[in-house]
Amino acid sequence: MKNVILSAIAVMAFGFANAQEVKYGVKGGLNLSNLSGDTDGMDLKSKFGFHAGGFVEIKFSEKFALQPELLYSTQGTRFDDLEVNGYKTKTCFNLDYINVPVMFKYFAAEKFFIEAGPQIGFLTSAKARVKIDELNIDNKEDIKDNFESIDFGLNFGAGYEFTENIFASARYNLGLSNIAKTEADDDSKVHNGVFSLSVGYKF
């Protein structure tokens, strides 16, 4: 963990030292998230969420840039029609993260770019919402103790700059680390997966 943070700081410091242009901006948009891995055959479905935050674009040349970001992101999954004591339930896992992606951008054309880079996420909240319509039940429960507090992943995406200030992008976050807390004899793994659509403004 310490090495990852130090490496990220070193990369950003190098970027600022060698930058030809630095721009700050804000961005936000929609998430479509799910969980994958050892899910006991449950039919997990994607859920909608959102992300919002800021970034710094450190441009080295017309073609290459480094973009560290700080984003609040709502993620998770849902599953319907799970039977509990003979009743069908609707369950939603709501996982909230502070994500820190560090994206390497390549401008393949004047306004079109592709990007890739690592991401570290810090879990701020995890809640389960369970609904049983037949019993008129709608309960929420804190499940943060069931999930790891840190998540690592890789991002891949592309975007288009409509003007010098306004852009849109699409990105997929592939979760690499196991986010489920398990017992010593349990080797099951669960990973985040998030597809995002963003719009942003560079100052």
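The values are calculated or read from the model by the stated rules, or taken from the named source; none is laboratory data. Worth saying up front: this structure is predicted, and the values here are computed from it rather than measured. Cβ placement follows ideal geometry from the backbone for every residue including glycine, while neighbour counts extend to all protein chains displayed. We work out accessible area using only protein heavy atoms, side chains counted, and drop any ligands, DNA or RNA first. Shrake-Rupley method; radii C 1.70, N 1.55, O 1.52, S 1.80 Å.
For residues that are farther than 22 Å from Tyr172 by Cα and either without any contact (Cβ under 8 Å) to a residue 12 or more places away in the chain or under 13 Å from the mean Cα position of the chain (by Cα) (or both), tally how many sit in region 85-138.
Here is the first cut: in region 85-138, the residues farther than 22 Å from Tyr172 by Cα are 85-91, 110, 127-138.
Now restrict to residues that are either without any contact (Cβ under 8 Å) to a residue 12 or more places away in the chain or under 13 Å from the mean Cα position of the chain (by Cα) (or both): 85-86, 110, 136-138.
So the answer is 6.
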**Prompt:** Here is a list of conditions, (1) open to solvent by less than 50 Å² (accessible area, probe 1.4 Å); (2) in contact (Cβ under 8 Å) with a residue 60 or more places away in the chain; (3) under 30 Å from Asp187 (Cβ atoms), and Ser36 meets all of them except one; can you say which number that is?
**Reply:** (1)
**Request:** Please work out which residue is modelled with the lowest pLDDT, limiting yourself to region 125-138 and to residues that are open to solvent by 80 Å² or more (accessible area, probe 1.4 Å) and in contact with a Lys or Arg (Cβ under 7 Å, 6 or more places away or on another chain).
**Result:** Arg129
**Fill in**
The residue from Phe167, Phe162 that alone is within 27 Å of Ile58 (Cα to Cα) and open to solvent by 20 Å² or more (accessible area, probe 1.4 Å) is Phe162
**Asked** Do you know which of the residues in region 170-201 that are open to solvent by less than 30 Å² (accessible area, probe 1.4 Å) and of a type in the set (A, V, I, L, M) is nearest to the chain's Cα centre (by Cα)?
**Response** Val194
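State all residues of region 105-124 that are of a type outside the set (Asp, Glu) and either open to solvent by 60 Å² or more (accessible area, probe 1.4 Å) or in a loop (DSSP other than H, G, I, E, B) (or both); if no residue qualifies, say none. Please lay out each step first, then the result.
From region 105-124, those of a type outside the set (Asp, Glu) are 105-109, 111-114, 116-124; that's our starting set.
Of everything in region 105-124, those that are of a type outside the set (Asp, Glu) and either open to solvent by 60 Å² or more (accessible area, probe 1.4 Å) or in a loop (DSSP other than H, G, I, E, B) (or both) turn out to be Tyr106, Ala108, Ala109, Lys111, Phe112, Ile114, Pro118, Phe122, Thr124.
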